[in-house]
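Each remark here refers to the structure printed beneath this line.
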Amino acid sequence: MTVGDPAASAGADPIRSDTAVTASASGVGSRLDWLLRFDDDVDARYEAEHGAERAAGLRQIVLIGLIFYNIYNFTSITLLPDIFELSVIARLGVVTPVSLVLAWLIPRVAPVNRERIAFHGMVGALVMPLLLFWLTDAPLGTYTFGEAILVVVYANMLLALRFRAALAYTVMACALAVLAAGTKAGLDPALRVALPLQFATGCAFSLYANYRMEALRTREYLRTLSARLASEAEAEARRRYQGLSHTDALTGLPNRRFLDQTTEAWFADERAVALLMIDIDHFKLFNDTLGHPEGDACLSRVAALFATFVPGPGTAPDVLAARFGGEEFTFVLRDVGALEAARFAAGLVRAVEGIRIAHPGRTDGIAVVTISVGVALKPEGDTCARAALFDEADQALYQAKRRGRNRYALADGGGKEAAVA
């Protein structure tokens, strides 16, 4: 276990972050315009979650649609005998291969191009039956006009063009139908009105159905996303406030509560542990001379230095740095012996003196802030009570102080002076 999470949490602003996430969750419901379009952020998120599914669905529906589309080659024998060959060539030789190419492209292009492919593919599928209706002179050729209505229904309800595309497609389809019926040679004048009216009715029904489906899809996603963001905000708040409950507000290091929880577990297993109790030398004189604000600044600078001695997660040995209380700090190291612990303590002593924090209140001839360190060891294979090891480290700390401060001492009585830069 390392101190990375609690320390990292201290620098964040949980109130601002949680408020931002909550606001994002509460504002999701308004991210839809009258054309049922998401805003850019939601659209990107939706695409990341459902884009592959949409592409696969489009491909499948295109392939199924081609089967039914080409069934009308059989009806052309009766309805379009004068241009039967042309109708077969148009459907099998033009629409089908182009549709197969578009189906292949759909999952391989950007989302916006995917929807454009679907739109333009349906334009081609619509133009073909209208063109055949317009060209034929066969007595039953008028009945082929209904094929174009089915193409619009297919586009709006099965292919499920996005509503904005379905609206544009339907308006264009109605205009093409009116044009085809209005300019077809030899068409009964009554049919020039009746056929477009029937076509427009079918278009209106299919467009309304498309709107209902698209509204259900988009609004359901926004409701789901809003609930998910709210849940994420709640989880983030719990994580941040849990981090705060484990973090000392002044120094950003883990606090006594986190230290107690961690050491309780570390001392109970059989891995080797070194406990370092650290005290800033003559800190009361520092506060009396410079004032408590400067004292707080001193604690923060020393804590920031200590944080640099904590390796990243997953490294060995495991190192925990924490504020014990007041001007006292603690390091706990796992999987180290006496030699490594002594070197670590000596490095701390040198480092604190090396940052040269002025201490004008000292009377021992040292004009900068220094520390004293007491080191206690739990050998590998042993277990011990947390309180007992803390007592040993505390006694070693007092031994270092009695020997003149700015040094460390081992709890076994073998005190050693730290090298002073």
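Given the conditions (1) free of Cβ contacts under 8 Å to residues at least 40 places away in the same chain; (2) more than 15 Å from G146 (Cβ to Cβ), and given that Y211 satisfies all but one, which numbered condition is not satisfied?
In the conditions (1) free of Cβ contacts under 8 Å to residues at least 40 places away in the same chain; (2) more than 15 Å from G146 (Cβ to Cβ), Y211 misses (1) alone.
Quickly run through segment 376-397 and pick out the residues that are assigned to a strand (DSSP E or B) and among the aliphatic types (A, V, I, L, M).
Across segment 376-397, the qualifying residues are A376, L377.
I'd like the full set of residues that are over 48 Å from the mean Cα position of the chain (by Cα) and at pLDDT 90 or above, limited to segment 364-395. Outline the logic, then answer.
Initial filter on segment 364-395 (over 48 Å from the mean Cα position of the chain (by Cα)): 364-367, 395.
Within segment 364-395, I366, A367, Q395 qualify.
How many residues are crowded, with 16+ Cβ neighbours inside 10 Å, in contact with a helix residue (DSSP H, G or I) (Cβ under 8 Å, 6 or more places away or on another chain) and either of a type outside the set (F, W, Y) or more than 20 Å from G51 (Cα to Cα) (or both) when one looks only at segment 214-233?
7
Checking the condition closer than 27 Å to I64 by Cβ and assigned to a helix (DSSP H, G or I), which residue from V178, V127, V193 passes?
When all the criteria are applied, what remains is V127.
Looking at segment 40-77 only, could you name the residues that are surrounded by fewer than 12 Cβ atoms within 10 Å (Cβ to Cβ) and either in contact with a strand residue (DSSP E or B) (Cβ under 9 Å, 6 or more places away or on another chain) or under 30 Å from G141 (Cα atoms) (or both)?
Matches in segment 40-77: I67, F68, I71, F74, I77.
Being without any contact (Cβ under 8 Å) to a residue 12 or more places away in the chain and either closer than 20 Å to R301 by Cβ or out of contact with any helix residue (DSSP H, G or I) (no Cβ under 9 Å at 6 or more places or on another chain) (or both) narrows it down to one of R356, R402, so name that one.
Values: R356 fails: without any contact (Cβ under 8 Å) to a residue 12 or more places away in the chain.
Sole residue among the options that is without any contact (Cβ under 8 Å) to a residue 12 or more places away in the chain and either closer than 20 Å to R301 by Cβ or out of contact with any helix residue (DSSP H, G or I) (no Cβ under 9 Å at 6 or more places or on another chain) (or both): R402.
For segment 58-68, check the following and say yes or no: at least one residue is without any contact (Cβ under 8 Å) to a residue 12 or more places away in the chain and within 35 Å of the chain's Cα centre (by Cα).
Looking through segment 58-68, at least one residue is without any contact (Cβ under 8 Å) to a residue 12 or more places away in the chain and within 35 Å of the chain's Cα centre (by Cα).
Scan segment 358-384 residue by residue and report those that are surrounded by fewer than 18 Cβ atoms within 10 Å (Cβ to Cβ) and more than 29 Å from T289 (Cβ to Cβ).
P379, E380, G381, D382, T383, C384
Is there a residue being within 45 Å of the chain's Cα centre (by Cα), modelled with pLDDT of 95 or more, surrounded by 15 or more Cβ atoms within 10 Å (Cβ to Cβ) and small (G, A, S) anywhere in segment 111-118?
yes
Under 7 Å between Cβ atoms, at least 6 apart or on separate chains: pull out the pairs that start in segment 90-104 with a residue that is under 17 Å from F119 (Cβ atoms) and end on any residue that is exposed (fewer than 13 other Cβ atoms within 10 Å of the Cβ).
A103/L63
Of all helices (runs of 4 or more DSSP H) completely enclosed by segment 36-117, which ones contain at least 3 residues that are among the charged types (D, E, K, R)?
40-79
Have a look at A160, A165, A233, A227 and point out the one that is under 22 Å from L32 (Cβ atoms), outside any helix (DSSP H, G or I) and within 44 Å of the chain's Cα centre (by Cα). Working first, answer last.
Numbers: A165 fails: outside any helix (DSSP H, G or I); A233 fails: outside any helix (DSSP H, G or I); A227 fails: outside any helix (DSSP H, G or I).
Answer to the check: A160.
From the list T144, T136, which one is free of Cβ contacts under 8 Å to residues at least 60 places away in the same chain and over 31 Å from the mean Cα position of the chain (by Cα)?
Going through T144, T136 in turn, the sole match is T136.
The values are calculated or read from the model by the stated rules, or taken from the named source; none is laboratory data. Values in this document were obtained by computation on a predicted structure and should not be read as measured data. As a convention, Cβ positions derive from the backbone with ideal geometry for all residues, glycine included, and neighbour counts pool all protein chains shown.
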